[in-house]
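So the structure is just underneath, and the comments pick up after that.
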Amino acid sequence: MRGELEVGERLPAARELASALGVNMHTVLRAYAVLRDEGVIELRRGRGAVVRSGDAARLRLEDQARTFLRDARRFGLDDADIAALLRRAQS
């Protein structure tokens, strides 16, 4: 998300990363699964984890924004109410 890795760059194998970090390999596998579910990486059989487009985080935020707006409208908030809510949340 910070742009430190290039699209298409391979991440270390789960076993190798777990060893380097001193954690259980299953912890790394779970983290890779979360990153896959968020669209940040692609898991390819035999090739490992590969970085996907940096737009994944933005797409996720847009999806969350749509959900927020839908819920806000369902609760009867208008645009002014939503804007005021967002301003308060910034503080």
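The values are calculated or read from the model by the stated rules, or taken from the named source; none is laboratory data. Predicted model only: the values in this text are computed from it and were never measured. All Cβ positions, even for glycine, are placed from backbone atoms using ideal geometry, and neighbour counts span all protein chains on display. Surface accessibility is based on the protein's heavy atoms, side chains included, excluding ligands, DNA and RNA. Shrake-Rupley method; radii C 1.70, N 1.55, O 1.52, S 1.80 Å.
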The stretch 9-56, residues that are assigned to a loop (DSSP other than H, G, I, E, B) and of a type in the set (Asp, Glu): GLU9, GLU38, ASP55
Hits in the stretch 60-88 (condition: within 21 Å of the chain's Cα centre (by Cα), open to solvent by less than 90 Å² (accessible area, probe 1.4 Å) and aliphatic (A, V, I, L, M)): ALA65, LEU69
The stretch 3-20, residues that are open to solvent by less than 60 Å² (accessible area, probe 1.4 Å), among the hydrophobic types (A, V, I, L, M, F, W, C) and within 17 Å of the chain's Cα centre (by Cα): LEU11
Residue ID - nearest to GLU6 (Cα to Cα), chosen from residues in the stretch 37-59 that are open to solvent by 90 Å² or more (accessible area, probe 1.4 Å) and in contact with a Gly (Cβ under 7 Å, 6 or more places away or on another chain): ARG52
Conditions (1) touching a residue at least 12 places away in the same chain (Cβ under 8 Å); (2) in contact with a helix residue (DSSP H, G or I) (Cβ under 9 Å, 6 or more places away or on another chain); (3) of a type outside the set (Asp, Glu); number of the one not met by PHE68: (1)
Cβ-Cβ under 6 Å pairs, at least 6 apart or on other chains, the stretch 28-44 side among the β-branched types (Val, Ile, Thr), far side modelled with pLDDT of 90 or more and assigned to a strand (DSSP E or B): ILE41/ALA49
